[in-house]
Amino acid sequence: MISKNQIKLIRQLEQKKFRRREGLFVAEGPKVVGDLMKRWQPHSVFATDDYAAPQPGVEVQRITADELHRISFLQHPQQVVALFPLPAAQLPPQDATLQGVADGTSLVLALDGVQDPGNLGTIIRLADWFGIGTILCSDDTADAWNPKVVQATMGSIARVDIVYCQLPALLDRLPAGVPVYGTLLDGDNIYAQPLTAGGIIIMGNEGNGLSAEVRRRVNRRLLIPSFNTGDTAESLNVAIATAIICSEFRRR
């Protein structure tokens, strides 16, 4: 049986201010919860009798299907809801990932004001698929620990480091000449440009693209061209554009 206070806590974690206050985020379903358990020890696990924890020694509080519906953020709850501690979000001054970017061995994604939780979750999943281990997020990017984002990653959030920072200041820390790619309407056709094995790929806001501050720091401007010579879509969804760009980098 689950208490009223526990239900209240879980429901409050839908909001960023309560996630920060409690230091917890919510994950749901055997697949997502199982992947997160491989990296982090859960704070608490609430599950129906048909759920079996994939990790030994995990304490599970058994609840009814009705109670699961009361605490779930999904239309169709999936056996288990778990609370995990919020990971540390600080980037050390001599972070190995930035060193890898500087010496050309690491490819990193950066998101500048991406605000739709579904887009963010999909981009995290794409980063996992294409072997990109770090995503740098501007402070106005959606919160990666929103239940909708966590669910959309399908567990990939356990394998990708998410770092919130002031992007312009971070870009200024990079040595001169480090490739900083940005997708811009006046960019150069990505299929005709040389692409490096290391660098930072920046994706912008769904409606406004890259902010002026970040745009000024881009030194390699890219464009995904439209192959429709008549009337066509105004732009691509940011998650779809990210998939195309990451695929082209990895294809090279």
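Looking at (1) open to solvent by 10 Å² or more (accessible area, probe 1.4 Å); (2) hydroxyl-bearing (S, T, Y); (3) in contact with a Leu (Cβ under 9 Å, 6 or more places away or on another chain), which is the only condition T122 fails?
Among (1) open to solvent by 10 Å² or more (accessible area, probe 1.4 Å); (2) hydroxyl-bearing (S, T, Y); (3) in contact with a Leu (Cβ under 9 Å, 6 or more places away or on another chain), the lone unmet condition for T122 is (3).
Where in the range 130-241 are there helices (runs of 4 or more DSSP H), lying fully within it, with 3 or more residues that are open to solvent by less than 60 Å² (accessible area, probe 1.4 Å) and at pLDDT 90 or above?
Details: elements: 147-152, 167-172, 212-215.
Output list reads 147-152, 167-172.
Would you confirm whether or not the range 67-88 contains a residue that is of a type in the set (A, V, I, L, M, F, W, C) and open to solvent by 70 Å² or more (accessible area, probe 1.4 Å)?
Checked against the condition, which is being of a type in the set (A, V, I, L, M, F, W, C) and open to solvent by 70 Å² or more (accessible area, probe 1.4 Å), the range 67-88 yields at least one hit.
List the pairs whose first member sits in the range 159-187 and is at positive phi, whose second member is aliphatic (A, V, I, L, M) and open to solvent by less than 20 Å² (accessible area, probe 1.4 Å), and whose Cβ atoms are under 6 Å apart, counting only residues at least 6 apart or on separate chains?
none
Output the residues belonging to the range 98-119 that are small (G, A, S) and either closer than 11 Å to V160 by Cα or open to solvent by 20 Å² or more (accessible area, probe 1.4 Å) (or both). First the steps, then the outcome.
Of the range 98-119, the ones small (G, A, S) are 100, 102, 104, 106, 110, 113, 118.
Passing the criteria: A102, G104, S106, G118.
The values are calculated or read from the model by the stated rules, or taken from the named source; none is laboratory data. Predicted model only: the values in this text are computed from it and were never measured. Neighbour counts are summed over all protein chains in view; Cβ atoms, including those assigned to glycine, are modelled from backbone coordinates with ideal geometry. To get the accessible areas, we keep the full protein, side chains included, count just its heavy atoms, and leave off ligands, DNA and RNA. Shrake-Rupley method; radii C 1.70, N 1.55, O 1.52, S 1.80 Å.
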